[in-house]
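Presented below is the structure to which this report refers.
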């Protein structure tokens, strides 16, 4: 993000006239013993007469709220669709702005700050509580995944551009529901490698993690993004994991040859895909989802959810206890690894079943129980 940051310094003068014609409120709230600042963009169509969506847009490490506002270029979309967008400011880590998405043990509670920020804005503006979303660049993308894990009682859906999830975090990520997720990453990103690292998940693993959590189809719909710009040095592929719980899908835009950049940005720094605009795709994704629809649980799902697994974490034998009557002809259990590969699929023949996991590698797995056409997934940790 440093090159982008320096690029913006030369652009601020030329863009200041544009920003002054728009309504951007610069303010702060007191959270966790600190004054935390933010920029709130209010669309030209907003008049407070009806509840409008709110989108959090989080900057990357070494960047800041103003840079993210300019770089992601959401303002015209917000004006057209009439939603508010807030650009919060991170605190400092090693002298640079960042989000505490598991990057350090500094003690800064950014989950608390962003939750309180949503509450504060909602107290002053007419915000639709069912339409609050989070997106972000790089470290801001990591933080958006953190919110999907830990603040999904407020955040309906998230989108991460060039971000990922830390390997330590996905061991503790425990979403209470299906969370719609969009991931946009370049396979030539040298800052957050697509193939992962010691500290970060492989992007394919991250995407399938959410697809399994949401109980989506694990074979994605695939399409090439039309290569309308032949001079940007890259192309794009689109993967959709559909039909998740309560309609929650997972989407991946994979930029072939793309770097650590925001597709469609007017500010090009490195290989930036111009075949589509990430900001437009993110908003089209967000607007499909409302929190109250995603948290709606039918009686049928409640019934199949009534099963227990123990011990968890497990090293040898996993016990599955069904608390509801089962149909031995249609009741199945499946276990998937984090890549979405099914490693066990068998019938459930009694109220208590046992699965031997002795020879499986340590890590996270998912058990999916199907009974009378209904299904639910729970997470297993093998140690």
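Coordinate-derived values only; no laboratory data. A quick note: this is a predicted structure, and the numbers were derived from the prediction, not measured. Note that we place each Cβ from the backbone using ideal geometry, even for glycine, and neighbour counts take in every protein chain shown.
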Given a 10 angstrom Cα cut-off, can you work out which residue in 93, 310, 365 is the most mobile in a GNM of the chain? 310
Candidates 70, 230, 114, ranked by Gaussian network fluctuation over the chain, Cα under 10 Å, top entry: 230
Would you calculate, for the chain, the mean residue ellipticity at 222 nm contributed by helices, counting each DSSP H stretch of 4 or more residues as -39,500 (n - 2.57) and dividing by all residues, to the nearest 500? -6500 deg cm²/dmol
Determine the distance separating the Cα centre of segment 39-62 from the Cα centre of segment 212-257; give it in Å without decimals. 26
What whole-number distance in Å separates the alpha-carbon centres of segment 175-189 and segment 343-363? 28
Using only Cα positions of segment 186-319, each an equal point scatterer, no hydration layer, compute I(q)/I(0) via Debye at q = 0.12, 0.20, 0.21 Å⁻¹ and quote the log10 values to two decimals. -0.63, -1.24, -1.31
How do the peptides 29-41, 140-152 rank, highest first, by the average count of neighbouring beta carbon atoms within 10 Å per residue? 140-152, 29-41
DSSP beta bridges in the chain: the antiparallel percent, rounded to 5, is 70
Anyone know which of 175, 97, 325 comes out most mobile in the 10 Å Cα GNM of the chain? 325
So, with points 7 Å from each Cα along the Cβ direction, the residue 96-residue 256 label distance in nm works out to 3.1
Would you mind calculating the relative contact order of segment 2-294 from Cα pairs under 8 angstrom and at least 6 residues apart, reporting the percent as a whole number? 15
What percentage of all Cα-Cα pairs in segment 37-83 are separated by more than 18 Å? 32
Cα-based Rg (one decimal) and Dmax (whole number) for segment 127-266, in Å? 14.6, 44
Quick one: what does P(r) look like for segment 189-259 with 10 Å bins over all Cα pairs, in whole %? 20, 41, 31, 8, 0
For segment 82-226, give me the percentage of DSSP beta bridges that are antiparallel, rounded to the nearest 5 percent. 30
Angstrom value of the Kirkwood radius, inverse mean 1/r, which spans all Cα pairs in segment 91-181: 13.6
